[in-house]
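The values are calculated or read from the model by the stated rules, or taken from the named source; none is laboratory data. From a predicted model like this one, the values you see are computed outputs, not experimental measurements. Positions of Cβ are generated from backbone atoms using ideal geometry, with glycine treated the same way; all protein chains shown enter the neighbour counts. The accessibility values were calculated without ligands, DNA or RNA, using every heavy atom of the protein model including side chains. Shrake-Rupley method; radii C 1.70, N 1.55, O 1.52, S 1.80 Å.
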Amino acid sequence: MGSTCDRSFTQFMWKLCLLLACCTITLTLAADDESFSNSTMLKRLHEDDYDDGMLMVASRGIENNDVDEEGVCPDGLMVAAWKPQKNLSTGDRVARGLVYFFVMIYLFIGVSIVSDRFMAAIEVITSKEKEVIIKKKNGEKQIVVVRVWNETVANLTLMALGSSAPEILLSIIEMFAKKFQAGDLGPGTIVGSAAYNLFVIIALCIVVIPNGEVRKIKHLRVFFVTATWSVFAYIWLYLILAQISPGRVEVWEGLLTFMFFPATVLTAYIADRRLLIFKYLDKNYRMNKRGVIVSAEGDAALEMDQQQQTDKLAADSDEMREFDEARREYISLLKELRAKYPQSDLEQLEMIAQEQMINRGPKSRAFYRIQATRRMVGSGNIMRKIQERAQSDLNEIKAQLQRVDVNVEEDEAILRVFFDPGHYTVMESCGEFEVRVVRRGDLSGYTTVEYETEDGSAEAGSDYVGKKGVLNFPPGVDEQRFKIEIIDDDVFEQDEHFYIRLSNASDPAVLAVPKVATVMILDDDHAGIFAITQSSHELTESVGVYEVKVQRYSGARGKVLLPYWTEDGTAKAGKDYEPQEGQLVFENNETEKNIAVGIIEEGSYEKDVVFYVNIGEPTLAPVPTNTMNFNDELAGLIQAAEQKSPEDLTEEDKMALLGRPKAGETTRALLRIIESKEFKNTIDKLVQRANASMVLGTSSWKEQFVEALTVTSAEDGGEEEGEEPTPTCANYVMHFITLFWKILFAFVPPTEIAGGYLCFFVSICAIGVVTAIIGDVAGHFGCTLGIKDAVTAICFVALGTSIPDTFASKVAAIQDKYADASVGNVTGSNAVNVFLGIGVAWTVAAIYHEAQGQVFAVQPGTLAFSVTLFCSEAFIAILILMLRRSKSVGAELGGPVTIKYISGFFLFSLWLIYIIVSSLEAYGIIKGF
């Protein structure tokens with residue numbers, strides 16, 4: 001469907017160009033040449049209220065116009081006029097006009113291709129990223145990757161310059177070509193391009209949205225600001241041409257026109273960041289039940305839906321909010337893919353999700369402009385590079401996460417002595433146990449270290465035999481052992497502990513942690529107290545099997561049975577974990593057991609659910625009297641006492657019952673399942689890399705020449721993995737037609753050199769050269785056919801320079817979830833075109849004439865009329881966009897089928913009215929200013 005729509009739209013644009021050419025040629029051939037002669041123009045000029053100095057300069061400007069009194073076209077700045085020029089027949093002029101027309105088209109293709117390189121450089125520059133440490137409200141810190149360039153500033157500066165460079169440069173170059181005299185081609189192209197962008201591109205974007213879908217402008221405050229500036233820019237042109245200083249432009253007017261450019265960027269940035277007055281504009285006011293007016297938070301429906309507003313209020317910063325939104329979208333994608341492809345493993349799904357994240361993620365106007373240009377000229381579909389990038393990102397991140405970072409905490413050259421292990425748990429009946437001391441580092445020397453026991457709750461002499469001594473480590477020996485004796489008794493007592501401390505290590509050895517060992521003595525004269533070692537456990541869903549440790553303390557005599565079971569909380573058995581139920585069997589003198597619980601991995605980022613593991617009352621295992629041994633003697637006494645009634649119990653029985661196994665304090669453990677840290681890190685890193693601009697740049701000249709010489713399909717790949725679409729006949733035709741431009745501009749430095757800045761400057765110089773040739777050819781085209789520069793500008797040059805933006809906006813409207821990349825930047829570009837293109841050219845020209853003691857004359861009629869007409873229609877177009885945000889439509893683009901086609905047709909009609917009425921005024925058929 002997409003490819004069919006692209007072909008239909010391409011055919012429509014070609015037919016439109018040819019139709020305009022034929023209509024204009026017919027109109028000019030049918031017109032009376034004498035009515036448009038220079039003498040008539042001079043007569044009209046004399047009728048205006050100009051002073052003598054202005055009249056002299058204006059007359060000189062007309063004498064330098066495209067056609068002299070003998071009908072000869074002057075040479076251009078870079079392209080000479082087609083000779084011979086005199087005594088040409090009508091057929092010759094038409095033939096030459098058609099040649100110039102198709103040469104212009106070819107030059108437009110060339111400037112589009114070099115603009116591709118220019119936009120790639122701009123995208124690389126503006127997509128530079130930095131790491132920002134975000135502190136959450138809970139105190140947790142997170143590193144988020146954000147762009148260095150503010151999106152609004154980038155769009156209004158480099159992005160606007162990139163998309164409008166031909167129009168801006170044409171205006172400046174024309175001024176130099178006409179020896180600092182005013183021309184119609186440059187300013188006319190800027191105004192004509194603005195009209196085409198505002199009416200035709202927005203009309204197209206409204207219509208191409210799939211039925212049932214809409215696209216909103218996300219940064220509406222910025223859109224309001226740039227829309228205001230775009231209309232003001234053309235009102236300002238009218239004021240300085242027809243009101244403030246009619247027929248001339250003064251230096252301060254040119255400088256002020258240029259200074260409106262930074263003012264536009266600054267005010268848009270203030271609106272974007274909610275600075276100054278804009279931070280109060282999210283408040284609205286309502287009347288409560290008592291009739292009192294109170295303030296409330298704005299509904300923000302113009303910017304985002306209710307859920308997004310909630311996220312915004314909850315976020316700690318804009319960067320964190322944007323990162324969280326991208327992360328939630330990634331998780332949602334992953335869940336959809338898991339449901340769609342249940343047999344695929346997590347890594348495959350992550351790769352697909354990353355690819356779709358890059359596809360769905362916000363893309364700049366540069367991305368869509370480059371994609372449109374490459375599709376037009378048979379350079380392939382840039383989306384396939386995204387697939388390769390997604391796979392590369394996933395592989396790289398997995399490698400990073402699996403890589404073990406070896407952090408050397410201490411210098412290996414230092415000789416260290418310490419206990420290994422640092423904790424010992426022994427039974428009271430063990431007799432004696434062995435303690436291990438090790439040394440690490442340079443083992444070539446001789447080392448001694450002292451050790452000594454130290455009382456804790458256990459006392460030397462009654463619970464253990466105190467000991468001290470010296471350990472000797474000969475060269476090459478890395479460990480020594482010594483024994484400690486434990487004293488056994490028949491008295492019930494709590495578990496006790498004591499310490500063993502190292503001291504006085506010989507030089508150069510140093511004592512390292514643990515230099516104190518803790519020894520826990522478990523009383524074995526009791527069946528034991530049973531408890532879960534931790535009441536709360538936090539585990540990741542990727543753990544597989546998690547073991548909950550159950551400890552037996554204050555005795556370990558006899559065989560004990562301990563029941564256990566799992567219990568649902570917010571985590572559900574069979575969905576989040578595998579249910580368990582059974583008995584733990586503690587053999588005589590056994591002190592630890594584990595309950596193994598299987599955790600089910602779902603691949604959920606924000607998983608946070610709990611369930612419980614419980615243990616019941618422990619019981620002694622039945623012991624047959626004929627097999628009872630010494631260790632089971634206590635168990636036998638307890639079993640015998642339990643069978644007696646309370647009144648029949650002897651003192652011995654009562655003492656035996658005191659030794660029964662008991663449940664400790666912690667019999668219920670909470671297990672909290674959270675997201676896998678590896679999975680979380682993978683998602684965070686993939687989200688940070690979900691930047692489509694990374695695929696636009698080039699790293700070497702070899703890569704650029706390979707791309708230039710390779711013909712690839714502009715269509716997307718098939719559903720099957722690895723399937724490559726075959727280039728069509730149209731792809732081959734466009735490839736060979738544009739091969740010259742591709743090879744020529746492959747010499748532009750790659751974007752990886754100097755961070756893209758070298759490519760930026762070389763590309764803009766190349767655009768300037770091609771634009772200068774376009775200006776010459778367009779002038780020869782109009783001169784040959786008798787078409788005025790103003791008409792050539794708005795009907796042909798403006799259309800040719802805007803076609804790549806048309807394709808880009810169409811694709812952006814369909815693929816992007818917001819309307820900013822398709823229509824939100826139109827108003828900003830229109831304002832920047834005037835402030836840079838006309839502001840720079842007229843400032844330089846005004847300064848030049850001021851230095852010569854002259855005035856810079858600019859004929860107000862055609863341009864002032866065109867600007868006035870455009871402003872009037874621009875108000876209507878912007879009003880239509882605002883009305884479309886009402887509940888009946890809900891967004892600038894798309895909506896109900898009938899409404900969107902009516903809106904699109906009406907906006908397109910505004911453009912037709914603009915070019916027809918402007919052309920009629922230019923030829924004097926209707927009166928202008």
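For region 782-909, the share of accessible area belonging to carbon and sulfur comes to 69 percent (1.4 Å probe, ligands and nucleic acids excluded).
Remark: accessible surface ordering of R557, R273 (largest first) is R273, R557, probe radius 1.4 Å.
The mean sequence separation of alpha-carbon pairs under 8 Å and at least six residues apart, normalised by the residue count of region 821-917, gives a relative contact order of 16 percent.
Let me know the Kirkwood hydrodynamic radius for region 415-535, please, with Cα pairs as the basis and the value in Å to one decimal. Mind dumping the intermediate values first?
Working: mean 1/r = 0.0648 Å⁻¹.
Taking the inverse mean of 1/r over all distinct Cα pairs, region 415-535 comes out at 15.4 Å.
For a paramagnetic label modelled on V516 (point 7 Å from Cα along Cα→Cβ), amide N atoms under 16 Å away belong, within region 436-464, to 451-459. In this simple spin-label approximation, L758 and K702 carry label points 7 Å from Cα along the Cα→Cβ vector, and these lie 1.7 nm apart. A simple spin-label model places the labels of E578 and T710 4.8 nm from each other, with each point 7 Å out along Cα-to-Cβ. Measuring between alpha carbons in the structure, the pairs from K128/K216; K593/K662; K86/K178; K742/K810; K216/K887; K178/K927 lying more than 18 angstrom apart are K128/K216; K86/K178; K742/K810; K178/K927. Computed with every protein chain present, the accessible area of V94 is close to 40 Å² [probe 1.4 Å]. Computed over every Cα-Cα pair of region 149-248 and binned at 5 Å starting from 0, the pair-distance distribution P(r) comes out as 2, 10, 13, 20, 21, 15, 9, 5, 3, 1, 0 percent. Approximating the spin labels as points 7 Å out from Cα along Cα→Cβ, the E450-to-A263 distance works out to 8.6 nm. Out of every Cα-Cα pair that region 772-929 contains, those further apart than 26 angstrom amount to 41 percent.
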